[in-house]
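Below: the structure, in structure tokens.
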């Protein structure tokens, strides 16, 4: 087994190694089954649209200006949610991780509130912030806050204590300690927290858009569904899926995960 | 004789335990003269690391005064540079950025601090590794990075806590040579905490032997070996004589420590069964 593992690792990047072939195979199989089902006539009209009609819809989507407007709205909502929720989460995490007292007092709340589906607060957000993007940002920020705060608090406690002593021995000021020691020492948990936060902010924002809104991708998807423009709906799902993967990869890259040793 | 640069005067440190307060360091008094190499040696648990942390200003003491050039210190002092026993390089910084760290804290412009960092990197024998990350270096090299980083802050007193404890014996001897060479080159006042007798005799002008729990000063041994020294000195008769002398003092303390540890192990085993 070890030998095979080595082989595949060595061959990674070569187009025809077993791992890549398996990956391609499952995608191909899915596409073939999909197309077969689409042509079988077992389903009502467009429930499973043909690959070709989805491809056409993707093309139409990408060459259309209004799509980019909605994409921009959603992206801005998610970005604002990440900034607000993630920023507050970072501060809360540093406070909780830095003080045993505060963490004893408050961290239990975070553990209980963290897994609660934030969408249940959407009616409240609509009352407070209206039907527009603000309520989506609020829900996304609320979703994002918890994983970032918990991840940063845990990361703060895992910092190698000797690095803090080094900083103190060189008489680093509190601000320097945070910027030059705490934050870089926590880069992995922070990036991880932001990744998780991004995921739930995306979910929260899109979910909110599908519930009640007047713009954004979530709104367009549910709109396509209700007007039974299924190929277009799938086209948006695919584009969104690819974008989510890309952003996730980008966040991972920015954090330098895997690049820095130890 | 020159006035002492570091005075440790009647220091007491006690820790609260479940069985009440325990004195880790009990009325310890000594001083270090400018340019001197002084080692503090003692068995594990004699409180020598506590002394290190008190002088470094990272631990508060309940009684006594630590003063540098006549000025009582309270917290980390700019004249004292610490090298820790543990792995303490910043893994996210390259070697040069690690070494430049104290200069960066003081707001030195990048060009100037890199120049000075390079100087100290070369001094510890790591020229050419400036842009490597600690993860790419061996344990001995990383410890030299830590040493260079502390030297870069140009402390009046270099304070080291078993800096080579985690390294293998050969690396340790070679690094000892390096430290000795640097110390002699810079006339660096150095205080080394160690449990290694040969290391202490090889490098020191004086060796302070501490007692096992509570940590007190048992004796101060003057080492009159010629300078400059290197690890070659370990083969001389005088060296052997000093090692034996220090060991005779240390032996009693070390065996007390061992007995204590055994009793403790028995005690906990008794509780468990």
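Overview of results
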item	result
Residues of the stretch B:197-228 satisfying the condition of being surrounded by fewer than 17 Cβ atoms within 10 Å (Cβ to Cβ) and either part of a helix (DSSP H, G or I) or touching a strand residue (DSSP E or B) at 6+ places or on another chain (Cβ under 9 Å) (or both)	B:219, B:220, B:222
Selection from the stretch B:129-138 of residues that are closer than 25 Å to residue B:172 by Cβ and either surrounded by fewer than 19 Cβ atoms within 10 Å (Cβ to Cβ) or over 22 Å from the mean Cα position of the chain (by Cα) (or both)	B:129, B:130, B:132, B:133, B:135, B:136, B:137, B:138
Qualifying residue in the stretch B:166-174 (condition: more than 15 Å from residue B:229 (Cβ to Cβ) and within 14 Å of chain A (Cβ to nearest Cβ))	yes
From A:153, A:81, residue being in the same structural domain as residue A:192 (by TED's automatic domain parsing) and over 29 Å from residue A:233 (Cα atoms)	A:153
Check on residue A:80, out of contact with any strand residue (DSSP E or B) (no Cβ under 6 Å at 6 or more places or on another chain), within 30 Å of residue A:184 (Cα to Cα) and at pLDDT 90 or above	yes
Among the residues listed as A:242, A:179, A:247, the single one being surrounded by fewer than 23 Cβ atoms within 10 Å (Cβ to Cβ), over 30 Å from residue B:149 (Cα atoms) and free of Cβ contacts under 8 Å to residues at least 24 places away in the same chain	A:242
Of the criteria (1) surrounded by 15 or more Cβ atoms within 10 Å (Cβ to Cβ); (2) within 14 Å of chain B (Cβ to nearest Cβ), which one residue A:174 fails	(1)
Some residue of the stretch A:113-120 being over 13 Å from residue A:207 (Cα atoms) and either assigned to a helix (DSSP H, G or I) or modelled with pLDDT of 90 or more (or both)	yes
Members of the stretch A:147-166 found to be surrounded by fewer than 24 Cβ atoms within 10 Å (Cβ to Cβ) and part of a helix (DSSP H, G or I), listed by number	A:150, A:154, A:155, A:156, A:157, A:158, A:161, A:162, A:163, A:164, A:165
Check on residue A:157, more than 23 Å from the chain's Cα centre (by Cα), within 14 Å of chain B (Cβ to nearest Cβ) and over 30 Å from residue A:54 (Cα atoms)	no
Residue within the stretch B:238-245 that is surrounded by fewer than 17 Cβ atoms within 10 Å (Cβ to Cβ) and at positive phi present	no
Residue within the stretch A:41-52 that is within 28 Å of residue A:136 (Cβ to Cβ) and in a helix (DSSP H, G or I) present	no
Residue list for the stretch B:50-75, restricted to those being surrounded by fewer than 18 Cβ atoms within 10 Å (Cβ to Cβ) and either more than 21 Å from residue B:210 (Cβ to Cβ) or within 8 Å of another protein chain (Cβ to nearest Cβ) (or both)	B:58, B:69, B:70, B:71, B:72, B:74, B:75
Lone qualifier among A:220, A:165 - being more than 14 Å from chain B (Cβ to nearest Cβ) and either in contact (Cβ under 8 Å) with a residue 24 or more places away in the chain or out of contact with any helix residue (DSSP H, G or I) (no Cβ under 6 Å at 6 or more places or on another chain) (or both)	A:220
Set B:254, B:165, B:261: member being assigned to a loop (DSSP other than H, G, I, E, B) and modelled with pLDDT under 85	B:165
For residue B:87: the one exception among (1) in contact (Cβ under 8 Å) with a residue 60 or more places away in the chain; (2) buried (at least 16 other Cβ atoms within 10 Å of the Cβ); (3) closer than 25 Å to residue B:35 by Cβ	(3)
Residue satisfying condition, being surrounded by fewer than 24 Cβ atoms within 10 Å (Cβ to Cβ) and either without any contact (Cβ under 8 Å) to a residue 12 or more places away in the chain or facing chain A (nearest Cβ under 8 Å) (or both), within set B:108, B:103, B:126	B:108
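The values are calculated or read from the model by the stated rules, or taken from the named source; none is laboratory data. Source: prediction; values computed, not measured. Note: ideal-geometry Cβ built from the backbone for every residue, glycine included; neighbour counts use all protein chains shown.
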